[in-house]
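One structure is given below, encoded as structure tokens.
The values are calculated or read from the model by the stated rules, or taken from the named source; none is laboratory data. Please read these numbers as outputs of a predicted model, since none were measured by experiment. FYI the Cβ positions are ideal-geometry reconstructions off the backbone, even for glycines, and counts take in every protein chain you see. Just the protein is used for accessible areas: all its heavy atoms, side chains included, with ligands, DNA and RNA removed. Shrake-Rupley method; radii C 1.70, N 1.55, O 1.52, S 1.80 Å.
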Amino acid sequence: MEGINKYKYGFKSTIAQCWAISSIWLLQFQFGIHVAIFSIVIGTLEKNRPDENEFLTITREEASRIDSLSHLFTLLGHVLSSLLLDRLGHKKCMILTNILFLIAQIMLYFAKNVEMLYASMSLMAFGLGYSKAPSLAYAGEVCDPKLRGVLISSLDIFYYVGSIILFTLYSYNEQWRLTVLITTVFPILTIIILIAIPDSPMWLLARGKRSKAHRNLSRLRGNVSYEKCENEFQEMVRYNVPSNNDEQHHKENTNIWKQLLEPEVLRPLRLMTIYFFCINLLCGLPLFPYLVVILDTFPGPVNVEWPIAYVIIPSITGSIMAVFLIRKLGKRVLTLFTSSVCSICYILIGLIGVYFKNSKSWASWTVLILFLTTTLVTSIGMIPVSWTLVTEIFPAKCRNTLCCICLGVHFIINFFMTTYYPEFEFLVGFFNVFTILGIFGLFVCIYFYFCLPETENKTLQEVTVFFKNNQTPNQNIFSQFIDFFTKIM
């Protein structure tokens, strides 16, 4: 709790940080819109729904090619972001992203052939990949330890709201081109906000702009005096600038690939790689493209015509709960709780599906409830916690690059697990997939128990020191639960 007690700025600081982070909320809102645009445009044109104003259609092969191009250009966006983020800064990268989104949506509105459809969708996917690391890194750097977890964990809410709004617009006017045109207002609004908000003080310090960094920190804390934010500013200076004892080592080891072998870099990188692997195992991300087939395979009265509702409703509910629970329980407890619950639910789904598939009276509802429970629980814990962790556990000297690398690794894991899920299911059987994923999830829980520290209410400097000194996280998780319930009683 040391980090939270150091800096007390008041309500104005909260408003200023919410104003700065609103650009990230709007960007996340657009992520939800653009993912939904892929579903609507491809689904409408491939099914060739009757529309007297629509002349463009695509085949199943062309739809599959669009999906492949989206994965490729998302990865390219991650790669380019890692090369330009330190040079351009978070604001310029996010402004460029919104310009790309605006161009892609205009191109999509005027698309007259499949080639133009390819180009617009690829540009949109490139923007999605390019903007993820800058937005998360900016959010982690401008928020103080007290609010960082809460504000970043709320990102998923805006993502799902964006998807819901787009589907609502389309269901109202039933014209995908008009829907796309209406949504061009959001990148324009985001650009206006990005121009008004301050640059990250940490990025300015890394560029040698000390006075401007101090001024921006004052703005981000509610226009407080320099003296009031001096302690936090000096903490940022220590976080960005090596100490006298480490200065010679820092000069000799400025290559990013050599830095990957240093303990304060290698340990959090390994942790986040395993964390994103766990998310793909237990959060069902590789299963979403096959959601209709999966729900249809469950031996129960499932209305497969509403697969999106089965995901979005518990996901939004979990995301809202995460905003309130992350400060009370902390990221470590939420991760251990949600990963263990999801692992157990997956194992139970597999066992019930294999050994009780003929027990229609209770097994059908049990399997469905367990599956929806995993969707709810991961939205409370692992998914929002992962976005927060990736912004705070890396040292300043290579945090932007490592954010890009981690998000790229997350994308690659998701791509391969999604692509080869049908072959894996054919090899081991539908319900055995859940059993295997659940068993792997339990092993990952053990790793988190021994290696995942609590970063809530900790400064970025304190988190870096933890990994550098190879400290052991507090393993008395049960006492943390008791303390939490004692506070709320």
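Considering Ile274, Ile279, the condition of being at pLDDT 85 or above, open to solvent by 40 Å² or more (accessible area, probe 1.4 Å) and part of a helix (DSSP H, G or I) is satisfied by Ile274 alone.
With the requirement that a residue be closer than 20 Å to Tyr170 by Cα, modelled with pLDDT of 75 or more and open to solvent by 80 Å² or more (accessible area, probe 1.4 Å), what does segment 45-70 give you? Answer for segment 45-70, where residues must be closer than 20 Å to Tyr170 by Cα, modelled with pLDDT of 75 or more and open to solvent by 80 Å² or more (accessible area, probe 1.4 Å): there is none. For segment 14-28, the count of residues that are assigned to a helix (DSSP H, G or I), crowded, with 17+ Cβ neighbours inside 10 Å and modelled with pLDDT under 85 is zero. Within segment 373-387, the residues that satisfy the criterion of being among the aliphatic types (A, V, I, L, M) and either open to solvent by less than 10 Å² (accessible area, probe 1.4 Å) or farther than 13 Å from Ile344 by Cα (or both) are Leu376, Ile380, Met382, Ile383, Val385.
Looking across segment 158-196, the residues that are open to solvent by 70 Å² or more (accessible area, probe 1.4 Å), in a helix (DSSP H, G or I) and in contact (Cβ under 8 Å) with a residue 40 or more places away in the chain come down to Leu181, Ile188, Leu189, Ile195. Scanning segment 127-143 for residues that are touching a Gly at 6+ places or on another chain (Cβ under 8 Å) and either surrounded by fewer than 24 Cβ atoms within 10 Å (Cβ to Cβ) or aliphatic (A, V, I, L, M) (or both) yields a single hit, Leu128.
Residue pairs whose Cβ atoms lie under 9 Å apart, separated by 6 or more positions or on different chains, with the first residue in segment 22-43 and without any contact (Cβ under 8 Å) to a residue 12 or more places away in the chain and the second open to solvent by 20 Å² or more (accessible area, probe 1.4 Å), are Ser39/Phe167; Ser39/Ile308; Gly43/Arg49. Applying the condition of being hydroxyl-bearing (Ser, Thr, Tyr), assigned to a loop (DSSP other than H, G, I, E, B) and modelled with pLDDT under 85 to segment 197-240 and asking which residue is least open to solvent (accessible area, probe 1.4 Å) yields Ser225. Elements of the type helices (runs of 4 or more DSSP H) sitting completely within segment 370-469 and holding at least 2 residues that are without any contact (Cβ under 8 Å) to a residue 12 or more places away in the chain and aromatic (Phe, Trp, Tyr): these cover 421-428. You will find that of Ile95, Ile99, the residue that is surrounded by fewer than 17 Cβ atoms within 10 Å (Cβ to Cβ), part of a helix (DSSP H, G or I), modelled with pLDDT of 90 or more and not hydroxyl-bearing (Ser, Thr, Tyr) is Ile99 and no other.
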